[in-house]
Amino acid sequence: MFFMSGYFGEKDEELEFDSTDVDAFLKAVEDGHEDLVEKFIEDLDLDLEETDEQGFTALIRSSVEGHEGILEMLLDTGKVDLEAKSNNGYTSLIAAAFYGHANIVELLLKQEVDLEAQDSFGYSAIVRASEEGHTGVVQLLIEASADINAKTNNGNTSLCLSSKEGRIDTATLLLQHGANISAENEEGESALGLAKTEEMRHLLSEFANTQQEEEDDDEDEMEEEEEEDKDVLASLVIAAAGRGEIEKLTSLFRRKPDADASDASNRTALIHACNKNHLDVCILLLQSGASVDLHDAGGRTPLMFAAGRGFVKVIRLLLDHGADISRIDKKGRTALGWAKESGNAEAVDCLN
């Protein structure tokens, strides 16, 4: 029991308080009377989780009013529930965010509060702050990794509500940090559709156009990188085929290269393998979808290269895979003509 002069009465009236006087305690918190709150807290019989008619605990009330000193006192006790909710579902963080008390929000964030807690309407702290245009609070919550695209019960995001209320600075901040400009609420309205001022519509339209241009540029860049990657992969396949590196080729084909890619002379990996008598490589390439009759710049097919070198096993493999024996190169020679030039009688017999 203690006495306090001039509180809840005339200026010079001395009043007596009991530690169980919850209304007096919560009134002291609401009014920011730090000395009196400290006296209540010092009495161990006090229940700090008692609430007023709105369901506000002392911690929530100090967050609503922005009483930093009292909030710190309450936190120091270690006896307050950071996630306690009022009748309308406000936690201390949501309350502080709604009323724009950046100093209180900063203190609460140090306590590892639930950033994504929602009130009865599905509003998280960042959504409440965004709707009210408390840009500084929104910045703190973004830095703490609050979900910038969290939705309320009816599907509105922070950007939707800040746009609706004309909060230019807040909307700009949200956009800069990745807010989804295309997100729609349950009525199918996006931030642009909810914007009521010309300034807000201009901001959102400009951002949407810039975003689209950047996405187009990124897509073009990705396509260019993919083409470069394909070219590099094709060069590796052709080189490995020419050297007979079967294990390397097997590994390369896990990346799904173009089996028919060619070099500057239009020679495919299969042509290079046939020209060097790498039978196992030829088998792998054909199994991987290489075309058996693609020719180089001089019109020579894989079969012609194998025939010209007298590589009988390769010739038979190509024939088994449907190689066209009647193809003619730019000098008018067929695979048989190349075989005859090689002087390999067995190769000639295969092609007759």
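In the distance distribution for the range 215-351, Cα-Cα pairs more than 26 Å apart total 26 percent. Helical content alone sets the calculated 222 nm signal of the chain at -16000 deg cm²/dmol, taking -39,500 (n - 2.57) per DSSP H segment of four or more residues and averaging over every residue. Each of (i) 22.1; (ii) 24.9; (iii) 26.9 is a candidate for Kirkwood radius over Cα pairs in Å; the one calculated from this structure is (iii). Computed packing ranks the peptides 69-79, 277-287, 87-97 as 87-97, 277-287, 69-79, most packed first, by mean other Cβ atoms within 10 Å. Summing Lys and Arg as +1 and Asp and Glu as -1 over all other residues whose Cβ lies under 14 Å from the Cβ of Ile168 gives a net charge of -3.
Based on C-alpha pairs under 8 angstrom that are at least 6 apart in sequence, the chain has a relative contact order of 7 percent.
Filter Lys85/Lys151; Lys151/Lys196; Lys110/Lys151; Lys256/Lys276; Lys27/Lys85; Lys39/Lys110 down to the pairs with a C-alpha to C-alpha distance above 22 Å, please. Over 22 Å Cα-Cα: Lys110/Lys151; Lys256/Lys276; Lys39/Lys110. Among Lys230, Lys27, Lys248, the largest mean-square fluctuation in a Gaussian network model of the chain (Cα springs under 10 Å) belongs to Lys248.
Here the label points at Asp349 and Asp43, each 7 Å from Cα along the C-beta direction, are separated by 11.6 nm in the simple model. Comparing Glu247, Glu143, Glu112 in a Gaussian network model of the chain where C-alpha atoms under 10 Å apart are linked, the largest mean-square fluctuation is found at Glu247.
Sorting the Cα pairs of the range 68-165 by distance into bins of 10 Å, from 0 upward, gives 18, 52, 25, 5, 0 percent per bin.
Values quoted throughout were computed directly from the atomic coordinates according to the rules given, and no laboratory measurement underlies them. In this text, all values refer to a predicted model and were calculated from it rather than measured experimentally. Positions of Cβ are generated from backbone atoms using ideal geometry, with glycine treated the same way; all protein chains shown enter the neighbour counts.
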